[in-house]
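Q: Take a look at this one; I'll ask things after.
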Amino acid sequence: MASGNWLWSLFTINFSFFIINFPVILTAIILFSLKFSATYTMLLVIVWLMLSVFTIPGLVASYAAVQEWQLNGSVSFFKYFFKKWFDFQKNYLLNFGLGFVASLFILLNKVAMGNTQWHVAVMILTFVYFMALVAVSFQLATNEFESILTLFVEKPLPIIISVIVFLILILLNFVLQLAFLSVICSVSLATYVSYRLLGGQVAKKD
């Protein structure tokens with residue numbers, strides 16, 4: 001029963017994130033298949049807006065849902081997730097700023113494709129961006145640290161490991177085409193692991 005409840009919590013958080021971001025995933029797939037053109041530019045702008053409205057506040061909501069789970073136990077988090085996703089829309093300047101940087105890195109990765117040195121440099125900067133995104137999302141959702149800078153100073157290695165976990169789970173799903181795993185636990189499991197690594201509060205026993 002306990003294991004079933006644990007998996008159900010994991011599923012509801014992940015499925016909520018997946019539902020919100022399904023249009024983003026489809027648009028991104030189309031974008032990555034296009035060459036530079038007016039259509040590419042238009043879709044890149046759309047992806048920027050979608051990332052800002054869906055993905056970034058959705059990631060913060062995932063951390064908030066995991067915190068609620070760790071403090072109060074396993075339940076269904078559909079309603080809680082969507083409430084938090086809506087609440088975090090108020091950080092629109094930060095959301096659109098992070099979304100813009102993300103879309104900029106999408107563009108830079110495409111431009112640098114074929115040039116190994118530039119592409120490696122862009123990939124390293126993209127990784128740093130993911131570190132910032134994880135730190136910002138965790139801090140907004142939990143307020144565990146005095147500031148995001150404090151979190152970076154105190155937990156640099158856990159942030160790096162968190163990003164690696166996110167990337168491994170997401171890339172494994174795409175490479176192995178594990179669609180069922182994407183829906184069940186790809187983001188929520190990574191968020192759960194990251195939450196624990198970054199020292200999120202835990203008041204219940206798993």
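Q: Output the number of the condition that Ser74 fails; it satisfies all remaining conditions of (1) modelled with pLDDT under 95; (2) over 16 Å from Ser137 (Cβ atoms); (3) part of a helix (DSSP H, G or I).
A: Status for Ser74: all satisfied but (3).
Q: What are the residue pairs meeting all of these: first residue in the stretch 61-74, first residue free of Cβ contacts under 8 Å to residues at least 24 places away in the same chain, second residue open to solvent by 10 Å² or more (accessible area, probe 1.4 Å), Cβ atoms under 7 Å, and 6 or more apart or on different chains?
A: If the second residue must be open to solvent by 10 Å² or more (accessible area, probe 1.4 Å), the pairs left are Glu68/Tyr80.
Q: Quickly run through the stretch 15-30 and pick out the residues that are farther than 21 Å from Ala190 by Cα, among the β-branched types (Val, Ile, Thr) and open to solvent by 60 Å² or more (accessible area, probe 1.4 Å).
A: Ile29, Ile30
Q: Find all pairs meeting these conditions: Cβ atoms under 6 angstrom apart; at least six residues apart or on different chains; first residue within the stretch 23-49 and free of Cβ contacts under 8 Å to residues at least 12 places away in the same chain; second residue open to solvent by less than 50 Å² (accessible area, probe 1.4 Å) and in a helix (DSSP H, G or I).
A: Between residues of the stretch 23-49 that are free of Cβ contacts under 8 Å to residues at least 12 places away in the same chain and residues that are open to solvent by less than 50 Å² (accessible area, probe 1.4 Å) and in a helix (DSSP H, G or I), the close pairs are Leu34/Tyr40.
Q: Which residue out of Ile106, Ile124 is of a type in the set (Val, Ile, Thr), surrounded by 13 or more Cβ atoms within 10 Å (Cβ to Cβ) and in a helix (DSSP H, G or I)?
A: On the way: Ile124 fails: surrounded by 13 or more Cβ atoms within 10 Å (Cβ to Cβ).
Testing whether each residue is of a type in the set (Val, Ile, Thr), surrounded by 13 or more Cβ atoms within 10 Å (Cβ to Cβ) and in a helix (DSSP H, G or I) leaves just Ile106.
Q: Further, regarding this structure: Exactly one of (1) open to solvent by 20 Å² or more (accessible area, probe 1.4 Å); (2) free of Cβ contacts under 8 Å to residues at least 60 places away in the same chain; (3) in a helix (DSSP H, G or I) is unmet by Pro57. Its number?
A: (1)
Q: Mind listing just one residue for me: the one in the stretch 77-87 that is assigned to a helix (DSSP H, G or I) and in contact with a helix residue (DSSP H, G or I) (Cβ under 7 Å, 6 or more places away or on another chain) and, of those, nearest to Leu133 (Cα to Cα)? Before the answer, list the steps.
A: Within the stretch 77-87, the first condition is being assigned to a helix (DSSP H, G or I), and the residues that meet it are 78-87.
So of that shortlist, the ones also in contact with a helix residue (DSSP H, G or I) (Cβ under 7 Å, 6 or more places away or on another chain) come out as 78, 80-82, 84-85.
Values: Phe78: 23, Tyr80: 22, Phe81: 18, Phe82: 20, Lys84: 17, Trp85: 16 Å.
Here the answer is Trp85.
Q: Could you list, in sequence order, all residues of the stretch 1-14 that are open to solvent by 60 Å² or more (accessible area, probe 1.4 Å) and either hydroxyl-bearing (Ser, Thr, Tyr) or closer than 30 Å to Val47 by Cβ (or both)? Before the answer, list the steps.
A: Going residue by residue through the stretch 1-14, those that are open to solvent by 60 Å² or more (accessible area, probe 1.4 Å) are 1-3, 5-8.
Of everything in the stretch 1-14, just one residue is open to solvent by 60 Å² or more (accessible area, probe 1.4 Å) and either hydroxyl-bearing (Ser, Thr, Tyr) or closer than 30 Å to Val47 by Cβ (or both), namely Ser3.
Q: Among Ile168, Ile160, which is assigned to a helix (DSSP H, G or I) and either in contact with a Pro (Cβ under 8 Å, 6 or more places away or on another chain) or surrounded by fewer than 13 Cβ atoms within 10 Å (Cβ to Cβ) (or both)? Show your work before the answer.
A: Working: Ile160 fails: either in contact with a Pro (Cβ under 8 Å, 6 or more places away or on another chain) or surrounded by fewer than 13 Cβ atoms within 10 Å (Cβ to Cβ) (or both).
Ile168 is the lone residue from the list that is assigned to a helix (DSSP H, G or I) and either in contact with a Pro (Cβ under 8 Å, 6 or more places away or on another chain) or surrounded by fewer than 13 Cβ atoms within 10 Å (Cβ to Cβ) (or both).
Q: Given the conditions (1) assigned to a helix (DSSP H, G or I); (2) among the aromatic types (Phe, Trp, Tyr); (3) modelled with pLDDT under 95; (4) open to solvent by 30 Å² or more (accessible area, probe 1.4 Å), and given that Trp69 satisfies all but one, which numbered condition is not satisfied?
A: Going through the list (1) assigned to a helix (DSSP H, G or I); (2) among the aromatic types (Phe, Trp, Tyr); (3) modelled with pLDDT under 95; (4) open to solvent by 30 Å² or more (accessible area, probe 1.4 Å), Trp69 breaks only (4).
Q: Hey, any hits in the stretch 36-52 for a residue that's in a helix (DSSP H, G or I), within 14 Å of the chain's Cα centre (by Cα), among the hydroxyl-bearing types (Ser, Thr, Tyr) and under 23 Å from Phe166 (Cα atoms)? Break it down into steps so the answer makes sense when it comes.
A: Taking the stretch 36-52 and keeping what is in a helix (DSSP H, G or I), we get 38-52.
Next, from what is left, pick out any that are within 14 Å of the chain's Cα centre (by Cα): 50-52.
Now restrict to residues that are among the hydroxyl-bearing types (Ser, Thr, Tyr): 52.
The next check asks that each one be under 23 Å from Phe166 (Cα atoms); those that pass are 52.
The answer is yes, given that some residue of the stretch 36-52 is in a helix (DSSP H, G or I), within 14 Å of the chain's Cα centre (by Cα), among the hydroxyl-bearing types (Ser, Thr, Tyr) and under 23 Å from Phe166 (Cα atoms).
The values are calculated or read from the model by the stated rules, or taken from the named source; none is laboratory data. In this text the structure is predicted, and so the values were computed from the model without any measurement. Glycine also receives a Cβ, built like all others from the backbone with ideal geometry; neighbour counts cover every protein chain displayed. Ligands, DNA and RNA are excluded from the accessible area calculation, which covers all protein heavy atoms including side chains. Shrake-Rupley method; radii C 1.70, N 1.55, O 1.52, S 1.80 Å.
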